[in-house]
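No lab work stands behind these numbers, since they all come straight from the coordinates. Values in this document were obtained by computation on a predicted structure and should not be read as measured data. Note that each Cβ is placed from the backbone with ideal geometry, even for glycine, and that neighbours are counted across all protein chains shown.
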Amino acid sequence: MSLQKAEVEKIAHLARISLSEADIPLYTHHLSNILAFVEQMNQIDTASLTPMAHPLDATARLRPDIVSETNQRDHFQTIAPQVEAGLYLVPKVIE
Amino acid sequence: MHNKTLTELAQALQQRQCSSVELTHYFLNRIERYNAQLNSFITVTTEVALAQAHAADQRLQSGQADRLTGIPMAHKDIFCTQGIKTSCGSKILDNFIAPYNATVVEKCQATGLVMLGKTNMDEFAMGSSNETSYYGPVKNPWDLQAVPGGSSGGSAAAVAARLTPIATGTDTGGSIRQPAALCGLTGLKPTYSLVSRYGMIAFASSLDQGGPIGLTAQDVALLLNVLAGFDTRDSTSLAHPPEDYQSHLNDSLAGIKIGLPREYFGEGLSSDIGQVLETAIKELEQAGATCHDIHLPNTALAVPAYYIIAPAECSSNLSRFDGVRFGYRCQDPSDIIDLYKRSRGEGFGAEVKRRIMIGTYALSAGYYDAYYLQAQKIRRLISQDFANAFKEVDVILGPTSPTTAFNLGEKTDDPVKMYLSDIYTIPVNLAGLPALSIPVGFIKQRPVGMQLIGNYLREAQLLNIAHQYQQRTAWHKQIPPQFT
């Protein structure tokens with residue numbers, strides 16, 4: 001499995017990661033090597049196997065729908081990069 | 001003082017031979033003296049430690065102490081500590097002061113353990129050598145040219161150099177056991193979800209598990225008693241009744257059946273490690289255990305499957321680091337997409353970016369079945385291998401790592417080569433089983449670790465075998481010469 005530069009750029013965009021032009025060749029090389037390495041899985045016939053998502057095949061536990069946490073907005077926002085009037089600030093999203 | 005086990009330290013505290021404040025000062029002094037050489041701590045929490053030690057001394061005086069009250073310890077910097085920097089070894093969390101405590105941290109506090117600091121680690125626990133940390137690599141106390149293993153390399157180096165009596169770690173593909181092996185320590189990865197994952201920064205949620213790294217099986221058992229237990233705040237937490245992991249340490253090994261998987265002793269294992277293990281196996285046989293050849297035929301598929309499953313889960317888990325609510329934000333973003341992309345591009349290191357991108361690719365339209373679903377089916381095969389083996393034997397024995405500690409820089413240029421150093425530990429995480437590593441010898445002054453894998457929730461049995469081995473040998477008592 002060998003990735004092309006354009007594919008790596010697309011994956012980086014989907015993953016919301018900026019890559020510098022200079023770094024792309026090395027990422028392309030490393031990611032291609034990793035995909036080539038995992039390719040050996042395809043030699044195995046797994047048609048009869050059920051996928052295993054959880055080591056103990058457990059399902060999510062349910063709990064009663066009651067409030068268990070208090071609102072700590074101010075506390076949590078003390079570590080935010082930029083806040084104003086209790087809101088997280090980001091660049092303008094809607095024109 | 002620094003060579004005492006937890007049991008001996010607890011006794012010294014309870015008999016007033018020393019106070020917790022004295023003990024804490026003693027280890028803080030060792031950290032100050034030696035940490036610059038090792039880089040094993042990201043943050044040393046002197047003030048918190050002394051305040052906790054004072055409180056512990058009051059508990060000891062008033063007769064309200066628990067078994068481990070007043071004993072110093074260290075937490076891997078993946079566990080959230082309220083009011084204290086929790087970096088996960090990453091630039092993106094370099095400014096992150098956790099607003100709450102991990103359950104593991106809370107349990108340690110409640111029993112009166114004293115936190116000396118937060119230990120260095122591979123960034124987001126992605127690495128096998130501690131070289132992906134934003135805070136620089138950790139050195140192996142046995143040889144400063146060598147890596148300590150990873151990702152819990154800071155915890156392992158700190159315990160091996162006796163800068164802390166014990167530490168926590170986490171293990172997603174071997175990150176407790178491999179550094180324990182490379183640093184000559186006892187490290188236990190419990191059954192998946194025996195220890196709460198609440199407040200343990202997530203890497204791959206179906207694989208991550210916290211556990212102790214210490215000098216002896218008994219020490220590890222004592223800390224596991226504190227760490228294990230059901231937690232409503234972890235949606236996958238096991239509802240398993242509390243156990244005393246010390247209670248079976250002295251059981252006889254007579255009748256215990258140990259399986260030796262041929263796949264763990266074949267091609268890829270350094271031959272001198274094979275010889276060291278042979279000697280350790282004979283020791284266990286003399287203690288009454290019997291050994292049997294077994295097969296885990298799909299072992300070679302574990303690392304490929306893991307490098308789809310773990311990146312897939314990490315690409316999802318790490319999407320929360322977006323520069324909006326906490327952590328690093330890039331300068332002057334032009335729009336929201338630029339904010340996300342540059343905050344992440346500048347905040348994450350190369351290995352983390354590689355894994356997020358592999359995961360993103362494996363989960364993207366058109367590739368999901370070929371990669372992610374196939375990997376989950378292989379995971380089933382690996383798990384079935386173990387289930388079949390446990391019909392024949394009680395525990396499985398093999399190497400923890402294919403080599404002893406490698407040199408700094410030796411594998412950093414080739415991610416796949418680095419991944420293969422976890423070939424014997426990764427299958428255990430895929431199946432969710434408990435396993436530990438204990439020191440069983442040295443090759444060229446570098447420690448060799450032996451791995452014992454148990455069936456689900458058989459931690460006590462693993463610790464029993466490890467303890468019996470340690471009663472007959474002295475490998476766990478060796479101290480790196482520069483840190484005596």
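Calculate the tail of P(r) for chain B: the fraction of all Cα-Cα distances greater than 39 Å, expressed in %. When every Cα pair of chain B is considered, 16 percent fall beyond 39 Å. The ellipsoid equivalent to the alpha-carbon distribution of region B:286-368 has semi-axes of 41, 17, 9 angstrom, derived from the gyration tensor eigenvalues as √(5λ) and listed largest first. Put in order of Cβ neighbour count within 10 Å, fewest first, the listed residues B:MET418, B:MET200 become B:MET418, B:MET200.
Per residue, the protein assembly as shown reaches -11000 deg cm²/dmol at 222 nm when only DSSP H runs of four or more residues are counted, each adding -39500 (n - 2.57). For the pair B:GLN482 and B:LYS417, the difference between a 0.36 nm per residue extended length and the Cα-Cα distance amounts to 20.4 nm.
The slack in the chain from A:LEU89 to A:ARG61, taken as 0.36 nm per residue of separation less the alpha-carbon distance, amounts to 6.6 nm. Taken over region B:1-110, the alpha-carbon convex hull comes to 105 cubic angstrom per residue. Across region B:295-339, Cα-Cα pairs farther apart than 18 Å form 53% of the total.
What would the Debye formula give as log10 I(q)/I(0) at q = 0.20, 0.27 Å⁻¹ for the alpha-carbon point model of region A:1-75, no solvent? So the normalised log intensities work out to -0.92, -1.20. Put simply, region B:141-287 fits an ellipsoid with semi-axes of 26, 21, 16 Å; these come from the alpha carbon gyration tensor as the roots of five times its eigenvalues, largest first. Rounded to the nearest 0.05, the FRET efficiency derived from the C-beta distance between B:GLN82 and B:CYS18 at R0 = 22 Å is 0.15. Coupling constants for region B:262-276 follow from the phi torsions by the Karplus curve (6.51 cos²θ - 1.76 cosθ + 1.60, θ = phi - 60°), and in residue order they are 4, 5, 8, 10, x, 4, x, 8, 4, 5, 5, 5, x, 5, 4 Hz; glycine and proline get x.
Here, P(r) means the percent of Cα pairs in each 10 Å bin from 0 to the largest distance; for region B:86-216 it is 14, 47, 35, 4. Taking the centroid of alpha carbons for each part, region B:56-124 and region A:39-95 are 24 Å apart. Across region B:213-307, the mean sequence separation of Cα contacts (distance under 8 Å, 6 or more residues apart), normalised by length, yields a relative contact order of 27 percent. Taken over the protein assembly as shown, the percentage of Cα pairs per 10 Å bin, counting from 0 up to the bin with the maximum distance, is 4, 18, 29, 28, 16, 5, 1, 0. Cross-link partners of B:LYS477 among aspartates and glutamates, defined as those whose alpha carbon lies under 16 angstrom from its own and excluding same-chain residues fewer than eight positions apart: B:GLU8, B:ASP219.
For region B:351-484, dividing the convex hull volume of the Cα atoms by the residue count gives 144 Å³ per residue. Of the trypsin sites (Lys or Arg not before Pro) found in region A:13-77, those that fall in a DSSP loop while having at most 13 other beta-carbon atoms within 10 Å are A:ARG61.
Restricting to Cα pairs below 8 Å that are 6+ residues apart, what does the relative contact order work out to for chain B? Please round to a whole percent.
The normalised contact order for chain B reaches 18 percent.
Only lysines eight or more places from B:LYS91 in sequence, or on another chain, were considered; those with a Cα closer than 29 Å are A:LYS5, A:LYS10, A:LYS92, B:LYS76, B:LYS107, B:LYS118, B:LYS139, B:LYS189, B:LYS341, B:LYS353, B:LYS411, B:LYS417.
By the Cα gyration tensor, region B:187-251 has an equivalent ellipsoid whose semi-axes, rounded to whole angstrom, run 22, 14, 9 from largest to smallest.
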